[in-house]
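K.L.:
Got a structure for you, questions after.
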Amino acid sequence: MTAIEIRDLAKSFGSVKAVDGVSFTVEAGSVTAYLGPNGAGKTTTLRCLLGLVTPDSGEALVDGRRYATLPQPVSEVGAVLEATSFHPGRTALDHLRILCVAAGLPDQRARESLEAVGLGDVADKRVGAFSLGMRQRLALGSALLGRPKILILDEPANGLDPAGIEWLRGFLRHLAHEEGAAVLVSSHVLAEVEQTVDNVVIIAKGRLVRQGTLAELTTNGDSAIRIRASDTATLAPALEAAGAAVDRVEDGLLRVRGLDAEAVGRIALDQRVVLTEVAQERSDLQKVFLELTGER
Amino acid sequence: MIGLVKAEVRKLFTTRLWWIMLLVMLVLIGVNLTFITAFAGVTSEAGGAALPARDTAEWVQTAWSVGSGGSIFVMILGVVMITSEYRYQTVTGTFLTTPRRERVIIAKLITGALVGLLFALVALVLVAAVVIPATLLSGGELSLSESRIPQVSVGILASLALYGLFGIGLGALVRNQIAGIVGAVVWAYVVESIFTAIPVLHPVGKWLPGGAAQALMSIDVDTGLGRPEWLPAWGGALVLIGYGLLFALVASATTVRRDIT
């Protein structure tokens, strides 16, 4: 089921095209990473989706509707935007109680949400004394108040310590895979999301450059095999004869494309050449990311 | 809408500014009352009394109207209620919860008026606690009709409520907290006092919020500069409501609709 749909979305600020004709979808029960370098247009896309920014053209829909027309928005969509959006003189619990009463939710949801994000002990502390990581947790707590089935997070790992990031990963995976939520999480740091996400949407300079599953992106293109062998002078022509493209990287080291590891092994056996190392060269996401966003 | 008003009330009472404002208002009114009580009936060398004596109905009316001094604090509170949302970016959460932004503005207008009423009630309690004993101890009589206590009290309640509304409208229009507060203070203490103190400017001044608030209280005291021609009380109320709603409407059509980035 399509939970989020972005269609031909465009938004300019002055002469800067922040988002320029972006389209993608996010399905229920999955975590989708929205990736791109800083200034690529991620935040603008998410704010259009949440009705905070009015797009110039195109549509951004949640559950097939514009956010502003949802009758109970916080019960359908939870959003974590920037970490600073709290009044420093107000307590964590009061922040959430205000949102509860405005959204028509029972007050006890405020405490439940704080417990869920691990802030139960500091519920009555003023937010001014909170660390960045605690504010991020509080922002997530406010997003969870209405038990939404769609969660939108903008750079949620900013300011979290490694333990916090690990916790967030588990939390998002649990929401998507166990509770069937659709999770869209933006990031400019690939390593943060690589272990969490099912799908990847990559954007650069306001334009969409790729959408696919994590597996599709990493196996795409040239997957090569690195081989160390006793006698590369014999092996290389034989591999080429079998249709492979062979780079002689250095003495005793070959980089082979067009054959899988088993085929390479059989040819080596035929040629009575000893393989001392066979390694699948996985084109990793970071490399794909840098290539696609033109930042290499 | 009740939920939204409740949310606005919670926003106000979960931060500290409201009681600081209330305290400052009480101190200011207290100081004013002290002067008015101390110098009542004191004659100057020229022979005329600057203030009527404590046992007169005129003094009661003058002293009672000191309660209207809370209007500036209510106005500032109104400005802050809306501009602090932009300053601390809580407006993001507010508009995510209530994407129909004009509903938020309406809830804030209602809350601003309620807060004005609350401040007015507290101010009136203080005024009553000073003025009633003062005039009775000086041998005066407390005549409600002659001292116009009911009219002045209603005027104070109405004008503070409407100044709350006015502050919200102003804040929505300006969005910047410092600009909003400075604007409100300059307006109240400089612009308004020029237009209400100088008789020639009264024809303009009576249409300004300050003049409208004076009209609401319909104080009938000769200040020595000529008896100002205020609007009728209901006219003053309409003018104040008009300003608040006009600002709020203009703001809803312009600044409130802007992108939240």
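K.L.:
Can you work out the PRE-style zone for A:Glu179? Point 7 Å along Cα to Cβ, and I want the residues of the range A:41-63 with backbone N under 18 Å.
P.N.:
A:63
K.L.:
I've got another one for you. Where nothing but the Cβ of Lys and Arg (+1) and of Asp and Glu (-1) is charged, how large is the charge dipole of the protein assembly as shown around its Cα centre, in debye to the nearest 20?
P.N.:
740
K.L.:
Dividing the Cα convex hull volume of the range B:8-98 by residue count, how many Å³ per residue is that?
P.N.:
118
K.L.:
If contacts are Cα pairs under 8 angstrom and at least 6 residues apart, what is the relative contact order of the range B:1-94 in percent?
P.N.:
Once normalised by length, the contact order is 24 percent.
K.L.:
Whenever you get a sec, compute what percent of the accessible area on the protein assembly as shown sits on carbon and sulfur atoms (1.4 Å probe).
P.N.:
Answer for the protein assembly as shown: carbon and sulfur cover 58 percent of the accessible area.
K.L.:
In addition: Check the straight Cα-Cα distances from B:Lys108 and name the lysines below 29 Å, setting aside those fewer than 8 residues away within the same chain.
P.N.:
A:Lys125, B:Lys6, B:Lys11, B:Lys206
K.L.:
Further question on the same structure: So what are the ³J(HN,Hα) numbers for the range A:157-173, from phi and the Karplus equation (6.51, -1.76, 1.60; θ = phi - 60°), rounded to whole Hz, Gly and Pro as x?
P.N.:
7, 4, x, 7, 7, x, 5, x, 5, 4, 4, 4, 4, x, 5, 5, 4
K.L.:
If you don't mind, another one. Using a 10 angstrom cutoff on alpha carbons, build the Gaussian network for chain B and name the most mobile of B:Thr34, B:Thr62, B:Thr97.
P.N.:
Residue with maximal mean-square fluctuation among B:Thr34, B:Thr62, B:Thr97: B:Thr97.
K.L.:
Once phi is turned into ³J(HN,Hα) by the Karplus curve 6.51 cos²θ - 1.76 cosθ + 1.60 with θ = phi - 60°, what whole-Hz value does each residue of the range A:228-237 show in order, with x for glycine and proline?
P.N.:
Each residue of the range A:228-237 in turn: 9, 9, 5, 9, 6, 5, 7, 5, 4, x Hz.
K.L.:
For A:Asp231, enumerate residues with amide H under 5 Å from its amide H, sequence gap 5+ or separate chain, H modeled in the peptide plane.
P.N.:
Result for A:Asp231 returns A:Val274.
K.L.:
Between B:Leu246 and B:Phe39, what FRET efficiency comes out of the Förster formula 1/(1 + (r/R0)^6) with R0 = 35 Å and r the beta carbon distance, rounded to 0.05?
P.N.:
0.30
K.L.:
Using a ≥ b ≥ c from the Cα gyration tensor of chain B (square roots of the eigenvalues), is it rounded, prolate or oblate, where a/c under 1.5 gives rounded and otherwise the larger of a/b and b/c decides, a/b for prolate?
P.N.:
prolate
K.L.:
Let me ask another. From other protein chains only, count the Cβ atoms within 10 Å of every residue's Cβ in A:90-101, then give the mean.
P.N.:
Mean number of neighbouring Cβ atoms from other chains: 5.
K.L.:
Follow-up question, since we're still on this one. Which distance in nm do the two modelled labels at A:Ser131 and B:Leu137 give, with both placed 7 Å along the Cα-to-Cβ direction?
P.N.:
My value for the distance between the label points is 5.9 nm.
K.L.:
Further, regarding this structure: Label points 7 Å out from Cα along the Cβ direction at B:Ile178 and B:Leu28: separation in nm?
P.N.:
About 2.1 nm, to one decimal.
K.L.:
Sticking with this structure for a sec: Where in the range B:60-98 does the amide nitrogen come within less than 11 Å of the point 7 Å from the Cα of A:Arg147, taken along Cα to Cβ?
P.N.:
none
K.L.:
Taking Cα pairs under 8 Å and at least six residues apart, what relative contact order does chain A come out at, in percent?
P.N.:
Computed over chain A, the figure is 21 percent.
K.L.:
According to the square roots a ≥ b ≥ c of the eigenvalues of the Cα gyration tensor, what is the shape class of chain A, taking rounded for a/c under 1.5, prolate for a/b larger than b/c otherwise, and oblate for the remainder?
P.N.:
Verdict is prolate for chain A.
K.L.:
Mind checking which aspartates and glutamates have their C-alpha under 20 Å from A:Lys17, skipping anything on the same chain fewer than 8 residues away?
P.N.:
Reachable aspartates and glutamates: A:Asp8, A:Asp56, A:Glu59, A:Asp154, A:Glu295, B:Asp259.
K.L.:
Right, something else. Roughly how big is the range A:224-281's charge dipole about its Cα centre, with Cβ charges of +1 (Lys, Arg) and -1 (Asp, Glu), in debye to the nearest 20?
P.N.:
40
K.L.:
Another question, then. Could you tally the net charge around A:Leu61, taking each other residue with its Cβ under 13 Å from the Cβ of A:Leu61, Lys/Arg +1 and Asp/Glu -1?
P.N.:
-2
K.L.:
If you build a Gaussian network model of chain B, linking Cα atoms that sit under 10 Å apart, which residue out of B:Leu109, B:Leu96, B:Leu246 swings the most?
P.N.:
Of B:Leu109, B:Leu96, B:Leu246, the most mobile in the Gaussian network model is B:Leu96.
K.L.:
Moving on. Between A:Lys149, A:Lys125, A:Lys11, find the one with the highest GNM mean-square fluctuation for chain A; connect C-alpha pairs within less than 10 Å.
P.N.:
A:Lys125
K.L.:
Kindly work out what percent of the DSSP beta bridges joining two residues of the range A:2-219 are antiparallel, to the nearest 5.
P.N.:
Percentage antiparallel, nearest 5: 55.
K.L.:
If you bin the C-alpha pair distances of the protein assembly as shown every 20 Å from 0, what whole percents do you get?
P.N.:
That works out to 18, 36, 24, 14, 5, 3, 0, in percent per bin.
K.L.:
Hey, another quick one. Label A:Glu112 and B:Glu102 with points 7 Å out from Cα along Cα→Cβ: what is the distance between them in nm?
P.N.:
Roughly 3.4 nm, to one decimal.
K.L.:
Once amide H atoms are built 1.01 Å from N in the peptide plane, which residues 5 or more positions from A:Glu281, or in another chain, come under 5 Å H to H?
P.N.:
Here the answer is A:Ala224, A:Ile225, A:Arg226, since their amide H atoms fall under 5 Å of that of A:Glu281.
K.L.:
Find which of A:Val288, A:Val246, A:Val74 sits farthest along the positive direction of the dipole of chain A, computed with +1 on the beta-carbon of Lys and Arg, -1 on that of Asp and Glu, about the Cα centre.
P.N.:
Result: A:Val74, furthest along the dipole toward the positive end.
K.L.:
Return the calculated 222 nm mean residue ellipticity for the protein assembly as shown, to the nearest 500 deg cm²/dmol, obtained by summing -39500 (n - 2.57) across DSSP H runs with n ≥ 4 and dividing by the residue count.
P.N.:
-15500 deg cm²/dmol
K.L.:
Please identify the longest segment of chain B free of exposed trypsin sites (Lys or Arg not before Pro), where exposed means a DSSP state other than H, G, I, E or B and no more than 16 other Cβ atoms within 10 Å.
P.N.:
The segment B:101-257 is the longest one with no such site.
K.L.:
Next question, about the same structure. Which lysines, on any chain, are close to A:Lys11 with Cα under 24 Å apart, when same-chain ones fewer than 8 places away are left out?
P.N.:
Reachable lysines: A:Lys42, A:Lys205.
K.L.:
Would you kindly state how much longer the chain becomes between B:Val186 and B:Val154 on full extension, computed as 0.36 nm times their sequence separation minus their alpha carbon distance, in nm to one decimal?
P.N.:
Here the segment from B:Val186 to B:Val154 would lengthen by 8.9 nm.
K.L.:
List the residues whose amide H sits under 5 Å from the amide H of A:Ala204, counting only those 5 or more places along or on another chain, with H placed 1.01 Å from N in the peptide plane.
P.N.:
Answer set, sorted by chain and number: A:Val209.
K.L.:
Let me ask something else about it. Quick check on the range A:224-281: take the gyration tensor over C-alpha atoms, sort the square-rooted eigenvalues as a ≥ b ≥ c, and tell me if it's rounded (a/c under 1.5), prolate or oblate.
P.N.:
Taking the square roots of the gyration eigenvalues as a ≥ b ≥ c, the range A:224-281 is rounded.
K.L.:
Still on this model: Excluding A:Gly36 itself, what net charge comes from residues whose Cβ is under 9 Å from its Cβ, given Lys and Arg +1 and Asp and Glu -1?
P.N.:
With Lys, Arg at +1 and Asp, Glu at -1, the net is +2.
K.L.:
Could you size up the charge dipole of the range A:33-98 around its Cα centre, putting +1 on the beta carbon of Lys and Arg and -1 on that of Asp and Glu, and report it in debye to the nearest 20?
P.N.:
120
The values are calculated or read from the model by the stated rules, or taken from the named source; none is laboratory data. What you see is a predicted model; the values in this text were computed from it and never measured. All Cβ positions, even for glycine, are placed from backbone atoms using ideal geometry, and neighbour counts span all protein chains on display. With ligands, DNA and RNA removed, areas are computed over all heavy atoms of the protein, side chains included. Shrake-Rupley method; radii C 1.70, N 1.55, O 1.52, S 1.80 Å.
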